[in-house]
Structure formats: structure tokens, C-alpha cells
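Participant: Input: one structure, supplied below.
The values are calculated or read from the model by the stated rules, or taken from the named source; none is laboratory data. None of these values were measured; they are calculated from a predicted model. As a convention, Cβ positions derive from the backbone with ideal geometry for all residues, glycine included, and neighbour counts pool all protein chains shown. These area figures cover heavy atoms from the full protein model, side chains too; ligands, DNA and RNA do not enter into them. Shrake-Rupley method; radii C 1.70, N 1.55, O 1.52, S 1.80 Å.
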Amino acid sequence: WLGGSGGGWQDSGGVWPGMKLIQGVAAREGDPEFGVSRGCLMPVHTILDGEAASPETRKRLQDSLVVVHGGMAQNVGPILEMVTEKYLLRGEAEWAARQQALGILDDTLAALRDGDIERLGEVVTRNFEEPIQTIIPWASTFYTERLIEDVRREYGEKFWGFWMLGGMSGGGMGFIFDPEVKTAAQARLQEIMSTARRDLASSLPFAMEPVVYDFTINENGTFADRLEGPDALMPKGYYSLVAPQLLRIDPRELPALRRAELDKFAAACRTHPELSGMVQELFDSLLPRRHSDHAAADALHRLLAENGFDTAAHEKIRADLKSGRIGLAQNRLAPTCEIEDVRDGDVTDYLEAIARDVECHERGLESLRNGEVAVVTLAAGAASRWTQGAGVVKSLHPFCKLGGRHRTFLETHLAKSRAAGRLTGTPIPHVITTSHLTHGPIASFLERVDNYGYEGGVILSPGRSVGLRLVPTQRDLRFAWEEMPQQMLDEQQQKVRASLRAALIGWAVSAGEASDYTDNVALQCLHPVGHWYEVPNMLRNGVLRDLIAARPQLRTLVLHNIDTTGASVDPALLGHHLASDAALTFEVITRRLEDRGGGLARVDGRVRLVEGLAMPREELEFRLSYYNSMTTWIDIDRLLAAFGLTRTDLSDEPKVLAAIRTLAARVQTYITLKDVKKRWGHGQEDVFPVAQFEKLWSDLTALPEIDSRFVAVPRLRGQQLKEQSQLDAWLRDGSAAYVESLCAWS
């Protein structure tokens with residue numbers, strides 16, 4: 001907090017009264033920034049007088065402006081980084097937009113000076129739609145634009161404009177109306193926002209129910225009342241949070257001021273009606289009532305059963321973890337392994353291959369024409385990296401404007417499959433794999449949008465593999481905290497951290513190393529088991545069996561991640577894969593510094609994909625030329641043969657399950673530690689480390705009986721969008737335009 005500025009250019013909390021103009025100023029002699037920076041850190045706040053904004057203007061503004069919070073919570077940090085980058089790089093379009101914004105500021109002040117609120121609405125709307133989005137397209141969201149569209153449709157000319165009040169829209173916003181309809185619009189806007197939030201709850205990061213504020217201009221600035229005597233108390237909510245912590249401390253260790261505060265609070269509880277019931281609240285906080293253990297256990301067992309929990313495989317994992325056959329240290333390949341970069345001939349260059357084999361494109365078109373191809377999109381994830389923990393369904397996130405409007409990842413992939421099907425007139429079946437976290441939201445969303453009008457059939461493949469978290473072993477905790485790279489803290493912080501870790505090791509030992517972690521809500525006890533299981537899920541849930549029954553000629557699956565936006569059914573790549581007779585053809589891209597998580601290597605002479613978890617030393621990864629895009633062309637019959645199955649076996653559920661267990665036992669099992677929160681009482685929470693396992697699709701390349709090939713494709717095709725901070729570069733480098741060129745929108 002810098003002098004009331006909120007750390008930036010705002011007047012946070014209304015320190016300055018009324019309406020004000022906040023301006024940057026050049027550093028002059030005597031300023032601490034002089035000689036260091038061109039400008040002063042703190043801006044100048046000029047309070048607008050009666051000439052700049054008359055009392056009548058202020059009243060008209062209050063009678064027209066509806067201030068809201070849309071409920072969204074987003075990290076504005078990447079946006080601020082992009083703004084700074086655009087300013088420093090002086091991009092032509094962005095610099096012109098910045099000059100346009102300065103002109104819009106003059107228009108804004110002129111509208112206030114003239115008392116023309118309708119013109120003010122037009123000016124601030126133009127600011128949002130033109131310079132702001134030219135500089136940072138991501139400042140707008142699908143939610144915001146839906147609100148504006150709904151309000152404009154309902155109120156027409158009585159809606160005067162949209163005013164963005166934050167670094168990103170979706171939070172603080174203003175809607176300017178004709179005063180005749182302002183009161184009705186204020187009530188209606190709450191309904192419009194709440195409806196949109198319900199529809200998009202799984203797509204965008206909402207932190208709260210949208211709010212419509214009663215807005216007036218504060219002509220006083222920040223002010224306070226001084227409370228004295230018996231009335232000098234903090235609000236009730238303060239004591240609900242603070243008093244339980246103080247009551248847990250030995251009274252002899254409490255400072256005198258804290259003891260006096262508790263005495264005053266105790267006396268007020270006896271005499272102040274608003275504090276009645278506080279004693280019960282404090283007891284509930286100090287000694288929270290436990291929920292029914294039976295109800296929690298039933299919910300967990302039901303979730304496990306619904307999602308195909310494999311008890312036999314789980315017990316095998318537990319036994320291996322206890323014995324030390326798997327664990328954090330065992331994730332890595334042996335130090336004696338020779339890991340080197342691939343050689344010429346290990347990877348086929350896509351562009352060279354199609355130039356050499358001129359028939360591969362026609363071969364792929366013929367396969368598409370015969371209906372031999374289906375697409376599989378992996379959409380089981382909850383976007384923890386994409387929204388930094390907000391827990392939305394990534395496939396449903398409207399991540400970018402393509403074709404003139406915001407599109408979700410799912411709509412984009414379906415549009416590419418639609419375009420590929422139209423090449424030959426044969427629609428392509430599109431399978432979307434889901435999990436217990438994403439199946440319900442994706443199913444209801446696709447029903448609401450009628451599968452985006454996709455002609456080839458949209459098939460959901462529900463997860464049939466889920467894991468139950470385990471109490472970690474002392475061995476793994478010590479490896480994570482003593483062998484892995486750690487940030488060094490100062491002496492006192494190191495002592496606190498060491499004490500906490502010792503306590504957590506004690507908890508793991510007393511709770512039972514490698515025992516089931518069930519002391520939490522059901523969803524915190526489950527975990528995803530890795531994308532290796534996505535294709536086996538299609539064997540267990542009957543999706544592949546039904547696909548083959550509907551299309552006996554089906555031969556190839558094209559599998560890709562939801563965030564690999566450039567992946568598509570390319571006829572030339574399909575023809576190349578068919579000509580190779582390989583079981584699996586993996587697409588790789590040339591590595592950049594930000595590509596983390598393993599790559600393509602020669603391991604003891606075998607060309608295979610190596611996950612980052614398996615690298616004996618972190619620096620080995622940066623010696624590899626190629627990064628795995630995860631897009632895989634799958635020969636169905638050859639992959640089934642690796643499982644020991646044929647097409648006719650897919651109806652034999654016990655045989656399928658046994659085959660999956662057998663192959664899974666030969667694929668590397670990775671153990672990871674995750675922190676989970678256990679909430680209890682009134683706002684209290686504990687954090688525990690738990691162990692979970694995963695198996696990864698790319699490790700099939702380590703099995704000698706599976707013929708795997710590798711094709712280097714252009715980065716536009718193979719780049720993955722893992723974080724929203726990547727979007728700006730993705731737009732500028734031509735990737736967005738490339739993806740748009742592949743799409744046929746409904």
C-alpha cells in the first residue's frame with residue numbers, strides 16, 4: 001500500500017474525495033526518483049472542481065451509472081506484464097491505440113465538463129472496445145461480452161455504454177443507462193449476471209455471486225468514527241476469527257494488550273445484544289462437531305464405484321510403494337542409463353516427408369473418405385495451471401476470439417474436425433474423454449449448445465480409472481524435502497519449516513505409511529491417474545467397441561490434448577502414418593526454453609519419449625532437441641495387439657480389464673506428492689502431503705513390442721497452451737490465425 005494508491009494508479013478506498021483525475025508526472029530535482037526514473041512512482045491526484053464536473057453532472061452520472069462486480073476472480077498479473085511489454089516494444093498497432101486512448105481521455109473529460117452522460121457512455125464504450133482490446137485482447141472475456149450483448153438487446157437505445165473499471169473485465173464494471181430505465185435496469189442486471197454465471201460456472205473462474213452496488217459519489221474521501229469507552233469494539237466477525245486463536249494460547253503468554261482486549265470482549269458479550277450467541281460460535285470453532293463418518297465413507301465408496309476404481313491395481317500400487325519398488329526416488333531412470341539426443345533418421349521431418357511422398361496426401365484423403373478415422377480429445381483436466389487453481393473445466397473455457405467471437409477449446413477442436421470431414425464429405429466421429437471432475441459439466445454444456453451443431457457425432461468417453469490417495473511414506477517425504485532442490489530461507493524460517501516437516505513425518509508414521517487417505521471430503525481423497533488410462537478407458541466403458549460396431553472400417557484414432565489447439569486431422573500426416581505401418585506415430589516439435597517436461601531421446605540406444613519426472617538430472621532435458629506435443633496417430637488393431645486383445649474381445653469385460661492390468665504393470669508408475677487442504681470448524685484448515693500415482697501415455701514408447709515412430713511438425717501445429725500468459729505470444733506469432741484457418745464454424 002503506497003500512500004493510499006493501492007500500489008498502482010487507483011485511489012483505493014477513496015482516500016481523495018469526490019471525482020479526481022490521476023496523472024503521472026515527470027521526476028524533477030528534489031524527487032527521490034530524479035536521475036533514476038523519468039517519472040515519479042506516485043501519481044498526482046487532481047480533484048475535479050465544479051467547473052470540470054458540476055453538481056448537476058454528478059447527479060446525472062449517479063442517476064445513470066450502475067456499478068457491479070461480475071463475480072469473476074482472475075490474476076491480472078499477466079495482463080500487466082503484457083501492457084508493459086507492449087509499451088516497451090512500441091508495436092505499431094498498440095502504440096497507435098495508446099495515442100487513441102489519450103484522446104479518449106480528453107473526450108471523457110469534455111463529456112463530464114459538458115454534463116453529457118450519454119456521450120460519456122459512448123466514449124468509455126469506445127475505450128473498451130478499441131484501444132484497450134487492441135493493446136490487450138485478453139482484457140475482455142466471453143462473460144463480459146455476453147452481458148453487454150444481453151443488456152444492449154434488452155434496452156436498445158436506453159443503454160448508453162459499458163465502463164470497464166478493472167485491469168480485466170468480469171469483475172468491477174459499470175453500465176450506463178438512460179435515467180428513465182436505470183432503476184429497472186439495476187434490478188434486471190442482477191438477474192442477467194446471475195443467469196450468465198450459472199451457465200458459465202464450469203467455464204470461467206467465478207469467486208462470488210455477482211453484485212449490483214448502490215452507487216453514489218463519495219464527496220468526503222476516506223473518513224472514520226472514533227469509538228470510545230464500552231463502544232470501542234471491533235465488528236463481530238473480527239472476534240469470530242481472532243478470539244479462537246487467542247483462546248488456544250496459554251494466558252500467561254498473552255501480551256497485556258491482548259488480555260485487555262479479551263476482557264473487554266467478554267464483558268461486551270454479556271451486555272451487547274449483537275454479540276449474543278458468540279459463546280456458542282466460539283465453542284463450535286474451538287471444538288467443531290464432526291460430520292458423520294459413515295456419510296463421508298459412503299460418498300467416497302460411491303464415487304470410487306462410479307468411476308471404475310480397480311481395487312486389485314490399487315493394492316499392487318500400495319505393496320510396491322511400501323516395499324520401495326516405486327517412489328519419488330524410483331521415478332527417475334537409473335543414473336547408469338545413457339540418455340542422449342536423437343540422431344538424423346530417428347525423427348521424420350513432416351515437410352520433407354510430404355515432399356518426398358507425394359501420394360501420402362491422397363492416401364490420407366482416401367482413408368478419410370472411407371470413414372476410417374476418429375478423433376480423441378483428452379478433456380479430463382480441471383485447468384489448475386490455466387486458471388491458477390480456480391478449478392474450471394479447461395475444455396469449456398472461452399479462451400480466444402476466433403472467427404469474430406470467443407470460442408471454447410472444445411468448439412475449436414470440433415470446428416477443425418468439421419472442416420476435415422467436409423474435405424471428403426464423410427463426417428468424422430469425435431470422442432471427448434472425461435473424468436469424474438469434468439464429465440457432468442461437459443455433458444450438460446454440450447447439450448445446451450447442441451454439440452455446436454457437429455455433424456460427425458460427439459461421443460463422451462467417461463473415465464473408468466480413478467485413484468485413491470495414500471498417506472505418504474517417510475522415505476518419500478524425506479526425499480522430497482532433503483534430496484530435491486529447495487529454496488533456502490532465513491534461519492528462523494528454516495527452523496519453522498523443519499519443525500513443520502518433522503510434525504508431518506510424524507503424522508505419516510502414526511496414520512500408517514501407504515495407508516488409504518480417507519480423512520477428508522470424498523473429492524479430496526480421489527486423484528486422476530494419468531493420461532495413459534484414457535485409451536484403456538475407451539476399452540472399459542465400451543466407447544471403442546460401439547465405435548467399431550458403427551464403423552467396422554475404423555482403423556485410426558487421432559489422439560491429442562485439449563490445449564494442443566493446432567492439432568487436426570491432416571490428410572498428409574494420416575497418409576504418412578498409414579504408410580509407416582507403425583502402431584503409434586507421435587508428433588514432436590522443436591524445443592524452446594519454456595517447453596518443460598521431458599522430450600524425445602535415445603535411452604540406451606532406444607528412441608523413446610522421456611517424461612521430465614524420469615530425468616535422472618534436470619539439466620539433461622535441455623540437451624534434447626524435440627518436445628512431445630502428445631498428438632498421436634494410433635493404429636487400433638496394432639494397439640489392441642499390444643494389450644493382447646482383438647476387436648471381438650472388446651465385449652468381454654473381464655478379459656479387457658485383465659489385459660489393461662497386464663500392460664499397465666509394464667508401464668512406468670510415477671509417485672508424486674500433492675498438498676491437500678482439510679477444512680474444519682469455522683474457516684480453519686490444515687494442509688497435508690499425500691501420495692498419488694500416475695502413468696503417462698508417452699511411456700508406451702519404451703515398450704519394445706510397440707512400434708513407435710516420431711514426426712517433427714511445425715510449432716504452429718504442436719504448441720500447447722498451458723497458461724493464459726502464453727496467449728499474447730500465441731496470437732502474435734501467427735498460431736491463432738493458423739488455428740482459425742483450420743476451422744469450419746457451425
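Participant: Per-residue ellipticity at 222 nm for the chain, helices alone: DSSP H runs ≥ 4 residues times -39500 (n - 2.57), over residue total, nearest 500 deg cm²/dmol?
Facilitator: Roughly -12000 deg cm²/dmol at 222 nm, from the helical runs in the chain.
Participant: Test of the criteria: in the stretch 314-413, which GluC sites (Glu not before Pro) are in a DSSP loop and have at most 14 other Cβ atoms within 10 angstrom of their Cβ?
Facilitator: Sites meeting the loop and neighbour criteria: 338, 359.
Participant: If you don't mind, there's one more thing I want to ask. Report ³J(HN,Hα) in whole Hz for each residue of the stretch 212-226, in order, from the Karplus equation J = 6.51 cos²θ - 1.76 cosθ + 1.60 where θ = phi - 60°; Gly and Pro get x.
Facilitator: Each residue's phi maps through the Karplus curve to give 9, 9, 7, 9, 9, 7, 8, 8, 9, x, 6, 8, 8, 9, 8 Hz.
Participant: If the reach is capped at under 15 angstrom between alpha carbons, list the aspartates and glutamates near residue 182, excluding any in the same chain fewer than eight residues apart.
Facilitator: Counting by Cα, and skipping residues close in sequence, residue 182 has these aspartates and glutamates nearby: 63, 118, 154, 157, 191, 214.
Participant: Just round it to a whole percent: the fraction of Cα-Cα distances in the stretch 549-660 exceeding 21 Å.
Facilitator: Everything past 21 Å amounts to 51 percent.
Participant: Sticking with this structure for a sec: Using only Cα atoms, figure out Rg for the chain and give it as a multiple of 2.2 N^0.38 Å.
Facilitator: The reported ratio for this selection is 1.11.
Participant: Only residues of the stretch 622-636 count here: report those whose backbone N is under 18 Å from the spot 7 Å along Cα→Cβ of residue 581, or say none.
Facilitator: 634-636
Participant: Per 0.36 nm of contour for each residue apart, how much would the distance between residue 590 and residue 509 grow if the chain were fully extended, relative to their Cα-Cα spacing?
Facilitator: Full extension from residue 590 to residue 509 adds 24.6 nm.
Participant: Another one. Amide H to amide H under 5 Å from residue 467: which residues, 5+ apart in sequence or cross-chain, H placed 1.01 Å off N in plane?
Facilitator: 527, 529
Participant: Give me the extension gain from residue 653 to residue 90: residue separation times 0.36 nm, minus the current Cα-Cα distance, reported in nm with one decimal.
Facilitator: Length difference between fully extended and current span is 196.5 nm.
Participant: Here's something else I'd like to know. May I ask you to derive the FRET efficiency for residue 228 and residue 385 from their Cβ-Cβ distance with R0 = 35 Å, giving the value to the nearest 0.05?
Facilitator: 0.10
Participant: Could you go through the stretch 664-671 in sequence order and give the Karplus-derived ³J(HN,Hα) for each residue, using 6.51 cos²θ - 1.76 cosθ + 1.60 with θ = phi - 60°, rounded to whole Hz, and x for Gly and Pro?
Facilitator: 4, 5, 9, 9, 3, 9, 9, 9
Participant: Could you give the length gained on full extension between residue 47 and residue 489, defined as 0.36 nm per residue of separation minus the Cα-Cα distance, in nm?
Facilitator: So the extension gain works out to 154.6 nm.
Participant: State the volume of the convex hull built on the alpha-carbon positions of the stretch 97-253, expressed per residue in Å³ and rounded to an integer.
Facilitator: With only Cα atoms used, the stretch 97-253 gives 213 Å³ per residue.
Participant: Report the accessible area of residue 15, computed with a 1.4 Å probe over the heavy atoms of all protein chains in place, in Å² rounded to the nearest 10.
Facilitator: About 60 Å², ignoring ligands and nucleic acids.
Participant: What would the Debye formula give as log10 I(q)/I(0) at q = 0.17, 0.20 Å⁻¹ for the alpha-carbon point model of the stretch 627-683, no solvent?
Facilitator: Here log10 of I(q) over I(0) equals -0.75, -0.88.
Participant: Express the relative contact order of the chain as a whole percentage, based on alpha carbon pairs under 8 Å and six or more residues apart in sequence.
Facilitator: Relative contact order of the chain: 14 percent.
Participant: Next question. For the stretch 540-610, I need the span (max minus min coordinate) of the C-alpha atoms along each principal axis, in Å, sorted largest to smallest.
Facilitator: If we take the Cα atoms of the stretch 540-610, the spans are 44, 29, 29 Å.
Participant: Specify which residue in the list 246, 161, 360 is farthest towards the positive end of the charge dipole of the chain, using unit charges on the beta carbon of Lys, Arg (+1) and Asp, Glu (-1), about the Cα centre.
Facilitator: Most positive-ward Cα: 246.
Participant: Between the DSSP loop rule and a limit of at most 16 other Cβ atoms within 10 Å, which trypsin sites (Lys or Arg not before Pro) in the stretch 370-449 are left?
Facilitator: Taking the stretch 370-449 and a limit of 16 other Cβ atoms within 10 Å, the loop trypsin sites (Lys or Arg not before Pro) found are 385.
Participant: Considering the zone a paramagnetic label at residue 448 would reach in this model (a point 7 Å from Cα along the Cα-to-Cβ line), which residues of the stretch 191-211 have amide N under 17 Å from it?
Facilitator: Taking a point 7 Å out along Cα→Cβ of residue 448, the residues of the stretch 191-211 whose backbone N falls under 17 Å are 191-210.
Participant: For the stretch 296-379, just the Cα set please: Rg and Dmax, both in angstrom.
Facilitator: Using the Cα atoms of the stretch 296-379, the pair Rg, Dmax is 23.3, 62 Å.
Participant: Amide H of residue 652: which non-local residues (sequence gap of 5 or more, or other chain) have their own amide H closer than 5 Å, using H built in the peptide plane?
Facilitator: Residues meeting the amide H criterion: none.
Participant: Now for a separate question. Of all DSSP beta bridges in the chain, what percent run antiparallel (nearest 5)?
Facilitator: Approximately 70 percent, going by the DSSP bridge assignments.
Participant: List the residues whose amide H sits under 5 Å from the amide H of residue 460, counting only those 5 or more places along or on another chain, with H placed 1.01 Å from N in the peptide plane.
Facilitator: 432
Participant: Could you derive backbone 3J(HN,Hα) for the stretch 690-700 from the dihedral phi with the Karplus parameters 6.51, -1.76 and 1.60 (θ = phi - 60°), listing whole Hz in sequence and x where the residue is Gly or Pro?
Facilitator: Values, residue by residue: 10, 9, 8, 10, 8, 10, 10, 4, 5, 6, 4 Hz.
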